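Reviewing the structure listed below.
The values are calculated or read from the model by the stated rules, or taken from the named source; none is laboratory data. Remember, it's a predicted structure, so these values are computed and weren't measured experimentally. All Cβ positions, even for glycine, are placed from backbone atoms using ideal geometry, and neighbour counts span all protein chains on display.
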Amino acid sequence: MISKFSPGLTTLVIGGGGYIGHFLVAQLVASGRNVTVLGRSAKPRYEVPLGAKYIAGDFAHKNLICNILNTQQEVIHLAYATVPNTSFENPLADLEQNLPATVQLFAEVARRGLKLVLVSSGGTVYGEALSLPISEEHPTKPISPYGVTKLTLESYAFLYAMTHNLRFTCVRPANAYGTGQRPFIGQGFIATAIASSIKGSAIKVFGQAGSVRDYLYVSDVASGIFHALENGKLSEIYNLGSEVGLSNMDVIEIMRPIMKDIDCDIKVEHLPKRGFDVSTNILNSQKLKSHTGWGPKVHFLDGLLTTRDWLWKHRHEF
């Protein structure tokens, strides 16, 4: 439990117009912060909560980011230009679109003495698990360009902490799911599976059972990032997950009765396993819990039902 908030602070959320950002910004505003959201789109993909200011622009543009940082005390970096699928198809683009801008951000944040939370990837930086659940001390041997770039960004953050006194904390979240997640965008198995069932399409599973993942409801992901901002230690990495592993087929079997309740059948299409998919990823979040008091609030089935209801309501939009 957080002992106190930090009202009145100015906080920049880069990529705050995205899915996780929508929930995170709401929590930041509720804490009394003055929140600015920076996003590439003319309008954010998800509505920015009342009380936050939205600026359209690319954080790679030095003059823009410098002008914004001059009025900030905290920065949360959520933005990323690619997803694991697209990074595998074009690994060079993954580097070019994400690395230079973020390293420039580290330099400018360090120059101003601001506090930074870097949101990395708990699902890709570790690679194949040697032990479960995965702790922060687990070896990092990513098998996708996405994971390699994420890990490289973390390394640059540590470099700038040592050489330029960058004040940062790193969070490695598990797979977010929940209300508002858009299906068929290349990530987000649960939203795509539910939407496929609603549309009468087959759910694509790569391999016999699919990959095992650690799923965390989106508001709990946002809360974990918020707790890391408030109470996380500098230069520490925190896993953020449920510590429960479910295969794609496990998720589908849990889904069957709740989809049947709305007269939707489930069909499954098994496809060959993909080389860049880690077989099993379950995160140990005990350090985050110990250091910050964070804990998940939403049970998996409750989250599934809420997600199903939202997608059913918006079924004509996808």
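Before we move on, is residue 175 surrounded by fewer than 24 Cβ atoms within 10 Å (Cβ to Cβ) and farther than 21 Å from residue 281 by Cβ? Lay out the reasoning, then the answer.
On the way: surrounded by fewer than 24 Cβ atoms within 10 Å (Cβ to Cβ): yes; farther than 21 Å from residue 281 by Cβ: no.
Taking the combined requirement at face value, the residue does not satisfy it.
Contact map, the range 297-318: first residue of a type in the set (Val, Ile, Thr), second residue assigned to a loop (DSSP other than H, G, I, E, B), Cβ cut-off under 9 Å, separation 6 or more or different chains; pairs are 298/178; 306/178; 306/179; 306/298; 307/178; 307/179; 307/180; 307/181. Against the conditions (1) surrounded by fewer than 20 Cβ atoms within 10 Å (Cβ to Cβ); (2) at pLDDT 95 or above, residue 281 satisfies every one except (1).
Going by the structure shown, is residue 289 surrounded by fewer than 20 Cβ atoms within 10 Å (Cβ to Cβ) and assigned to a loop (DSSP other than H, G, I, E, B)? Please lay out each step first, then the result.
Details: surrounded by fewer than 20 Cβ atoms within 10 Å (Cβ to Cβ): yes; assigned to a loop (DSSP other than H, G, I, E, B): no.
It is false that residue 289 is surrounded by fewer than 20 Cβ atoms within 10 Å (Cβ to Cβ) and assigned to a loop (DSSP other than H, G, I, E, B).
Please specify each residue of the range 30-46 satisfying the condition of being of a type outside the set (Lys, Arg) and within 19 Å of residue 81 (Cα to Cα). The answer is 37, 38, 39, 41, 42, 44, 46.
Here residue 20 passes the criteria (1) more than 24 Å from residue 146 (Cα to Cα); (2) modelled with pLDDT of 95 or more; (3) of a type outside the set (Ser, Thr, Tyr) except the one numbered (1).
Just to be sure before I move on: is residue 34 under 22 Å from residue 7 (Cβ atoms), of a type outside the set (D, E, K, R) and surrounded by fewer than 21 Cβ atoms within 10 Å (Cβ to Cβ) in the structure I sent? Steps first, please.
Working: under 22 Å from residue 7 (Cβ atoms): yes; of a type outside the set (D, E, K, R): yes; surrounded by fewer than 21 Cβ atoms within 10 Å (Cβ to Cβ): yes.
Taking the combined requirement at face value, the residue satisfies it.
Of the set (1) in contact (Cβ under 8 Å) with a residue 40 or more places away in the chain; (2) not in a loop (DSSP other than H, G, I, E, B), all apply to residue 184 but (2).
Yes/no per residue for (1) touching a strand residue (DSSP E or B) at 6+ places or on another chain (Cβ under 7 Å); (2) of a type outside the set (Gly, Ala, Ser); (3) modelled with pLDDT under 95:
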{"position": "242", "(1), (2), (3)": "yes, no, no"}
{"position": "247", "(1), (2), (3)": "yes, no, no"}
{"position": "251", "(1), (2), (3)": "no, yes, no"}
{"position": "254", "(1), (2), (3)": "no, yes, no"}
{"position": "257", "(1), (2), (3)": "no, yes, no"}
{"position": "262", "(1), (2), (3)": "no, yes, no"}
{"position": "268", "(1), (2), (3)": "yes, yes, no"}
{"position": "275", "(1), (2), (3)": "no, no, yes"}
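The test for being surrounded by fewer than 24 Cβ atoms within 10 Å (Cβ to Cβ), in contact with a Phe, Trp or Tyr (Cβ under 9 Å, 6 or more places away or on another chain) and not hydrophobic (A, V, I, L, M, F, W, C) does not hold for residue 201. Residues in the range 241-279 that are of a type in the set (A, V, I, L, M, F, W, C) and part of a loop (DSSP other than H, G, I, E, B): 6 in all.
Residues that are modelled with pLDDT of 95 or more, surrounded by 23 or more Cβ atoms within 10 Å (Cβ to Cβ) and among the aliphatic types (A, V, I, L, M) do occur in the range 178-190, at least one of them.
For residue 156, indicate whether it is in contact (Cβ under 8 Å) with a residue 24 or more places away in the chain and surrounded by 24 or more Cβ atoms within 10 Å (Cβ to Cβ).
Numbers: in contact (Cβ under 8 Å) with a residue 24 or more places away in the chain: yes; surrounded by 24 or more Cβ atoms within 10 Å (Cβ to Cβ): no.
Judged against the criteria, residue 156 is not a match.
The residue that is farthest from residue 175 (Cα to Cα), counting only those in the range 206-226 that are in a helix (DSSP H, G or I) and in contact with a helix residue (DSSP H, G or I) (Cβ under 7 Å, 6 or more places away or on another chain), is 226.
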